[in-house]
Amino acid sequence: MKMKTKFNVNTITKTAVIAALYVAFTMLVAPFAYGPVQFRLSEALTILPFIMPEAIFGLFIGCIISNILSPYGFLDLICGSLATLLAAYLTYRAKSKWLAPLPPVIVNAVVIGAVITVSMSAGEAFMAAYAYNALTVGAGQLVVCYGLGIPLLLILKKLFIKTGDVND
């Protein structure tokens, strides 16, 4: 399956708007957007690649900008942003709207759980700390991606499918 995104003004604009929304939603809940128990509203947008491929890079760019403020530093800036890129691509490849939110949940639980644990220098308790961090990050992702992402997807499909503006 090949992405049908052309780099034109429309695509660049959508990508930029998605990146800006990701940053704005992250900053809106900044105290809760970072840490072992996180509720990053912007992660609801991770459903967008399912209906518009240009969202992949918008989410990636937005995550890079948001992770500049991460208390986990360079590790989160690089690994967290790449996790978002991977999750966005996997969401794009999802076969149904019910599976589309799953990649961000799983990828972020695994990667961000590790970033937080490594940043904490857990030592001998690494596996226990990692299990806790992966579980709590995954739980937060699950709530946001399914609780907010699926309704967002349904609303967007209803609004834009008629105009042919969103890929189905």
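Would you please name the residue that is surrounded by the fewest Cβ atoms within 10 Å (Cβ to Cβ), looking only at residues in segment 35-57 that are farther than 17 Å from L86 by Cβ and either free of Cβ contacts under 8 Å to residues at least 24 places away in the same chain or under 12 Å from the mean Cα position of the chain (by Cα) (or both)? Ranking the qualifying residues of segment 35-57, first place goes to F39. Of the listed requirements (1) among the small types (G, A, S); (2) in a loop (DSSP other than H, G, I, E, B); (3) open to solvent by 50 Å² or more (accessible area, probe 1.4 Å), A131 misses just one: (2). Residue-level analysis places P31 outside the set of residues that are out of contact with any Gly (no Cβ under 9 Å at 6 or more places or on another chain) and under 19 Å from R93 (Cα atoms). Taken together, the residues in segment 72-118 that are closer than 21 Å to A30 by Cα, in a loop (DSSP other than H, G, I, E, B) and within 15 Å of the chain's Cα centre (by Cα) amount to 0. When L69 is tested against (1) open to solvent by 40 Å² or more (accessible area, probe 1.4 Å); (2) in a loop (DSSP other than H, G, I, E, B); (3) within 25 Å of P151 (Cβ to Cβ), just one condition goes unmet, and that condition is (3). Just one of G147, G138 is within 23 Å of M27 (Cα to Cα), open to solvent by less than 40 Å² (accessible area, probe 1.4 Å) and of a type outside the set (A, V, I, L, M, F, W, C); which is it? Unique residue meeting the criteria: G138.
For beta carbons closer than 7 Å, sequence separation of 6+ or different chains, a first residue in segment 122-146 that is farther than 13 Å from Q38 by Cα and free of Cβ contacts under 8 Å to residues at least 60 places away in the same chain and a second that is surrounded by 15 or more Cβ atoms within 10 Å (Cβ to Cβ) and of a type in the set (V, I, T), the qualifying pairs are F126/T117; A129/T117; Y130/T117. Within segment 93-123, the residues that satisfy the criterion of being closer than 13 Å to L153 by Cβ, open to solvent by 20 Å² or more (accessible area, probe 1.4 Å) and not hydrophobic (A, V, I, L, M, F, W, C) are S96, K97.
The values are calculated or read from the model by the stated rules, or taken from the named source; none is laboratory data. Just so it is clear, the model here is predicted, and its values are computed rather than measured. Using ideal geometry, Cβ is built from the backbone for each residue, glycine included, and neighbour counts are taken over all protein chains shown. Keep in mind that these areas ignore ligands, DNA and RNA; they rest on the heavy atoms of the full protein, side chains included. Shrake-Rupley method; radii C 1.70, N 1.55, O 1.52, S 1.80 Å.
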